[in-house]
């Protein structure tokens, strides 16, 4: 007799509990679907933006290289002796805002900068190539003049048809950081420019504490072994590649694109904090 009220109460509570369980299940399913949709949406957006950014950087590097080749050709025609002095370099630098500064390396490997500095660069690969008549783009990780990472554009300088040295145009770290910077929905993204082996050339972050982009994803909690191997393979083989990773605030997205002008790689990441914020707003 005394248990009848309890049984009746239970009968009333069971449908409510079942409804609550159903609502919770529906909410979590909806949250999971929303999360996956946001991750896929952000990954697609990141892939598009990375491709566009890589194309823009590649074009700017190509234009800078062409500009230096033109300067070297015109100046070669204007030289009235095989000697290039500081006044000559300052005159060239004054006429070109395409570079942070201009340098000339003599056939003996002695460097003269438009800023007045000098160093022995006879061991630099770009000097050897320039003296062989080549022009191109290189990177120096420890400048002997400015003691920073520099992107170097080089072209042979001639007098009377003979190569007398190599003309250099320099991009300093601040210019490269500005060149590769990007943001997503008002949030700055991490943009990294690197060599084929992952060695970092430039980062959009002022105080980056890594020397190789692979350091970002070496933690198994960020990328599993299979995903990391695929990421590393894409770097080594200069392949475009998109993937997700476990960030501090949830799932993040990353994308790599190739710069054909240099065979460097651009890596951009979509912050996991932005994805989490977008998911939370969608679930409100």
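A short reminder: the numbers here are calculations on the coordinates, not readings from a lab. Worth saying up front: this structure is predicted, and the values here are computed from it rather than measured. Reconstructed Cβ throughout: ideal geometry from the backbone, glycine too, with neighbour counts over all protein chains shown.
Model label points for residue 128 and residue 239, set 7 angstrom from Cα along the Cα-to-Cβ axis, are 3.1 nm apart. Could you pull out which residues in the stretch 74-92 have an amide N less than 12 Å from a spot 7 Å beyond the Cα of residue 107, following the Cα-Cβ vector? Once the point is set 7 Å along Cα→Cβ of residue 107, 82-83 turn out to lie under 12 Å by backbone N, inside the stretch 74-92. The convex hull around the C-alpha trace of the stretch 171-258, projected and averaged over every direction, spans 6.0 square nanometres. Fewest-first ordering of 244, 50, 70 by other beta carbons within 10 Å of each residue's beta carbon gives 70, 244, 50.
Between residue 174 and residue 44, the distance separating the two model label sites (each 7 Å from Cα on the Cα→Cβ line) works out to 4.1 nm. Rounded to the nearest angstrom and listed largest first, the equivalent-ellipsoid semi-axes of the stretch 40-161 from its Cα gyration tensor are 32, 16, 13.
By the count of neighbouring beta-carbon atoms within 10 Å, fewest first, 99, 217 end up ordered 217, 99. For residue 59 and residue 212, the FRET efficiency from 1/(1 + (r/R0)^6), where r spans their Cβ atoms and R0 equals 30 Å, is about 0.70.
Averaging Cα coordinates gives a centre for the stretch 147-191 and one for the stretch 91-114; these two points are 13 Å apart.
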